[in-house]
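A short write-up of the structure that comes next.
Every read-out reported here was derived from the displayed coordinates using simple, explicitly stated rules and does not represent laboratory data. From a predicted model like this one, the values you see are computed outputs, not experimental measurements. When we count neighbours, we look across all protein chains shown, and the Cβ atoms used for this are built from the backbone with ideal geometry, even at glycine.
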Amino acid sequence: MSRLVVVSNRVAPIQEGKQSSGGLAVAVQEALSEVGGVWFGWSGEIYTSGSSRVKTETKGRITYATMPLARRDYDAFYKGYANATLWPLFHYRMEFVEYQRSYVAGYRRVNEEFAGRLSSMLEPDDLIWVHDYHLIPLGRDLRMMGHRNRIGFFLHIPFPPPDLLTACSDHAYLVQSLCAYDVVGFQTENDVRNFLAYIRTIAGGSVGRNGRFEAYGERSRACAFPIGIYPDQLASQAAASARSRQTRRLVESLAGKDLIVGVDRLDYSKGLDRRFDAYETLLEAAPGLRGHVSYMQIAPPSRSDVQSYRAIREVLEGKAGRINGRFAEFDWVPLRYLNKSFQRDQLTGFFRAARVGFVTPLRDGMNLVAKEYVACQDPEDPGVLVLSQFAGAAAELDGAVTVNPYDHEYVADGLQRALAMPVEERRARWTSMMSALRANNLGVWRRSFLRALQGR
Ligand SMILES: O=P(O)(O)OC[C@H]1O[C@H](O[C@H]2O[C@H](CO)[C@@H](O)[C@H](O)[C@H]2O)[C@H](O)[C@@H](O)[C@@H]1O
Ligand SMILES: O=c1ccn([C@@H]2O[C@H](COP(=O)(O)OP(=O)(O)O)[C@@H](O)[C@H]2O)c(=O)[nH]1
């Protein structure tokens with residue numbers, strides 16, 4: 001079998017026990033550890049002088065090959081084009097899009113540098129799997145260096161409709177770059193539709209069956225491969241973690257109150273400001289719940305040197321303070337707001353202890369937390385997932401209480417319904433979601449993408 005070479009900007013930490021940041025690293029780590037291969041990407045380090053070199057280290061079946069970024073590349077490529085231009089654009093948040101020519105130049109430069117470094121490590125029959133918006137041009141750059149390997153791309157975040165994408169001056173460059181891959185994978189059918197709409201209407205290409213398309217002189221395929229988890233593995237972890245000291249302390253501190261839990265990187269796409277508003281609306285509308293419910297929001301800081309991320313942090317601190325100032329009693333704090341990360345093992349116990357999983361992004365590629373919350377529930381007494389209709393996960397999790405995150409009263413109603421839901425209904429909803437998670441687990445995601453990449 002060919003060797004698998006995975007390329008992503010974010011690479012999971014090589015040392016055990018260190019926190020992975022975000023769903024891409026969590027999922028790729030699990031997927032790659034099963035089949036083995038090379039994982040190439042950014043080391044997470046920034047250097048200010050001298051030059052960089054690729055460090056390799058093998059752990060288990062994975063060889064990690066990572067390189068640092070120069071300060072100016074980190075600024076223009078990661079902070080700039082990836083996270084201040086593409087991230088808001090692809091999450092339909094035009095008000096946050098920052099556009100600068102120096103960002104585009106940095107983006108191209110880093111992609112070329114990644115391609116150059118990777119090039120010397122490649123063998124002709126390697127299968128190359130490139131991940132996410134940071135590295136859209138990488139496949140084309142490798143082609144220009146003469147590599148004829150099968151190269152696939154998977155986008156972890158949403159793909160916007162043509163009307164939004166064309167607001168970015170580089171839209172044609174981005175889509176032409178995507179066309180150089182043998183397979184372009186998206187999280188949902190909606191993302192595939194948006195991409196193919198661009199191919200038809202803007203690129204003047206043609207679209208055939210099963211996502212096959214031709215544009216810019218290239219032939220490729222666009223399909224949805226919704227990313228999954230291993231639900232049964234997480235369920236066992238959750239059962240064990242429920243007995244951990246930290247989970248027991250959490251449960252004791254609740255003193256019988258129902259727990260609502262949210263876990264998100266501190267990112268404006270996660271809709272935390274509107275989520276806090278909805279919780280405040282719930283406490284206003286249902287005074288009987290005061291003193292009987294506790295909402296814990298875990299929100300580890302993310303990309304804190306990007307201005308829009310700093311701004312959302314301030315907004316949330318203000319809202320959290322207001323809710324607690326308005327409703328807290330000497331023996332009850334309505335909202336526990338934590339700006340730190342937890343080990344995933346630990347989170348599984350927290351998820352199991354929570355009557356409601358509160359996941360209301362304004363737009364999200366998938367949202368693995370939604371899936372993890374469901375998998376961690378006690379089958380006899382499961383909690384309820386309150387889920388935004390705009391998370392990729394909503395397309396699969398039909399047993400969730402689906403809400404419109406822009407409407408705080410609608411969300412508050414959803415919370416109230418979840419808190420009051422009888423156990424029979426909770427079990428029926430959970431059973432249906434759990435079978436969807438089992439049917440499309442992380443192994444299915446990896447195998448179906450790689451099958452498509454191998455042209456099978
Ligand atoms: O690498 P960072 O800048 O620290 O950000 C963390 C990751 O965030 C995004 O995650 C996405 O991938 C998840 C798994 O497919 C998906 O569930 C979620 O909806 C996405 O937002 C980003 O796409 C990754 O590149 C980042 O590493
Ligand atoms: O303190 C934390 C917060 C999050 N996560 C994990 O990070 C991933 C977040 O993925 P998701 O798809 O929900 O969102 P992303 O951050 O990738 O946008 C999930 O596996 C979480 O369990 C974690 O391990 N510790």
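Values as computed for the structure displayed
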read-out: For the chain: relative contact order, % (alpha-carbon pairs under 8 angstrom, 6 or more apart); value: 14 percent
read-out: Shape metrics for the range 373-419, restricted to C-alpha atoms - Rg then Dmax, Å; value: 11.0, 33
read-out: Cα shape, the range 133-228, gyration tensor, a/c 1.5 rule; value: rounded
read-out: If the convex hull is drawn through the Cα atoms of the range 239-337, its volume per residue in Å³; value: 114 Å³
read-out: Of the trypsin sites (Lys or Arg not before Pro) in the range 133-239, those whose Cβ has at most 13 other Cβ within 10 Å and which sit in DSSP loop; value: 148
read-out: Over the range 7-97, relative contact order from alpha-carbon pairs under 8 Å, at least 6 apart, %; value: 24 percent
read-out: Cleavage-rule hits, GluC sites (Glu not before Pro), the range 345-423, DSSP coil, Cβ neighbours within 10 Å at most 13; value: 380
read-out: Surface/4 of the Cα convex hull for the range 184-304, nm²; value: 12.6 nm²
read-out: For the range 141-198 and the range 423-445, distance of Cα centres in Å; value: 30 Å
read-out: Under 15 Å from residue 340, Cα to Cα: aspartates and glutamates that are on another chain or at least 8 residues apart; value: 264, 267, 317
read-out: Cα-derived Rg to Rh of the chain, Kirkwood definition; value: 0.97
read-out: Beta bridge orientation in the chain: antiparallel %, DSSP, nearest 5; value: 20 percent
read-out: The range 231-439: relative contact order as a whole-number percent, Cα under 8 Å and 6+ apart; value: 27 percent
read-out: Qualifying trypsin sites (Lys or Arg not before Pro) in the range 243-309, DSSP loop, other Cβ atoms within 10 Å at most 11; value: 243
read-out: Lys/Arg +1, Asp/Glu -1 at C-beta; the range 231-439 dipole; positive extreme among 421, 324, 347; value: 347
read-out: Inter-site label distance for residue 398 and residue 257 at 7 Å from Cα along Cβ, in nm; value: 3.7 nm
read-out: R0 of 25 Å, Cβ-Cβ distance residue 47-residue 311: FRET efficiency to nearest 0.05; value: 0.30
read-out: Two-decimal ratio, the range 231-439, of alpha-carbon radius of gyration to 2.2 N^0.38 Å; value: 0.95
read-out: Alpha carbon centroid spacing (whole Å) that separates the range 8-69 from the range 335-366; value: 25 Å
read-out: Value at 222 nm in deg cm²/dmol, rounded to 500, when DSSP H runs of n ≥ 4 in the chain each add -39,500 (n - 2.57); value: -12500 deg cm²/dmol
read-out: Reachable lysines, given that their alpha-carbon falls under 18 Å from the alpha-carbon of residue 59 and they are not under 8 places away in the same chain; value: 18
